[in-house]
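Shown next, in structure tokens, is the structure this report addresses.
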Amino acid sequence: MTKKAESTELASWQEDLQKDAKAVAHNEGSDSSAIVIQHGVMMYHDQPIPNNALDVIVVASSTERCYYDKPYDPDVISSPACFAQSLETRELVPHENVPEPQAETCAECPLAEFGSAKVGKGPACKTYRKLIFIPADTAAEDVPKAELAYLKVSPTSVKNWQKYAQQLVASAGIPPWAARTQIKVVPDKKTIHQINFTGIDQIEDQELLAAIHGRIEGAEEKLMQPYTYDEEDEAGDSSRY
């Protein structure tokens, strides 16, 4: 792939990520906030995060696929033309809210195939991970009311999360919510930036683990909030979820 082709393909998924981040930031409740990445810098409430790193406890994660059929408009909050989401990584299907599903399942969708994107050689429908977390230093008694923050992991960093989660299981036999994790954004010549995940330590405090476990169901519900479409959205105007 030439440098020009790489650049245009990167621009494609970055525009999709910006669309999704705007929709999420506009529609999430007051007890959760979006961490966004702008020009390789992690931002929280429009402020850069020191050292481009966060120490967190990842309470839950989900997989999402999004296909946009219109160019990115920074002034319009728009839902994707088709999307799928799941707490699992397999058997994704278009959500029931989608007005015109592109296929019965994501596995058989031509837009999920490499080379289907209008720009670059990647798929037209991009795969993301959505993570929702609390600060790593949250005490057990504070977990029930701790603010949930979330991050949408870009397609080029999804494998970094997969590898990290698999390492936790292989080395310690624990899920991500039983460990403190550092999320760090670093420059990358090929993809502009990468989101890396590093284990800080395993959580041993039983009271803290119980409190975190108690937040999982609610966190998963937030991750699975779907995009919605009204009549104007289906006609091509902005929408939200």
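Rule-based calculations on the coordinates, nothing more; no lab input. For clarity, every value in this text was computed on a predicted model and none was experimentally measured. All Cβ positions, glycine included, derive from the backbone under ideal geometry; neighbour counts span all protein chains shown.
Below, the figures for the structure above:
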| item | result |
| --- | --- |
| Neighbour-count ranking [beta-carbon atoms within 10 angstrom, fewest first] of V158, V76, V143 | V76, V158, V143 |
| Cα gyration tensor category, rounded, prolate or oblate, for the stretch 145-227 with a/c compared to 1.5 | oblate |
| Per-residue HN-Hα couplings for the stretch 108-120 [Karplus 6.51, -1.76, 1.60; θ = phi - 60°; Hz; x = Gly/Pro] | 9, 6, x, 6, 8, 8, 4, x, 8, 5, 5, 10, x |
| For C82, distant residues with modelled amide H under 5 Å away | Y67 |
| Rounded D (µm²/s) - the stretch 3-229, Kirkwood Rh over Cα pairs, Stokes-Einstein at 25 °C, 0.890 mPa s | 135 µm²/s |
| Contour excess over end-to-end distance, with Cα ends at A170 and A53 and 0.36 nm allotted per residue | 39.6 nm |
| Amide H contacts of H193 (H built 1.01 Å from N, under 5 Å, at least 5 apart or other chain) | D188 |
| Within the stretch 149-178: backbone nitrogen closer than 20 Å to the I216 label point (7 Å, Cα to C-beta) | 149-151, 161-178 |
| Stretchable slack from E100 to V41, in nm (0.36 nm times residue separation minus alpha-carbon distance) | 17.7 nm |
| Calculated P(r) of the stretch 179-234 - Cα pairs past 18 Å, % | 65 percent |
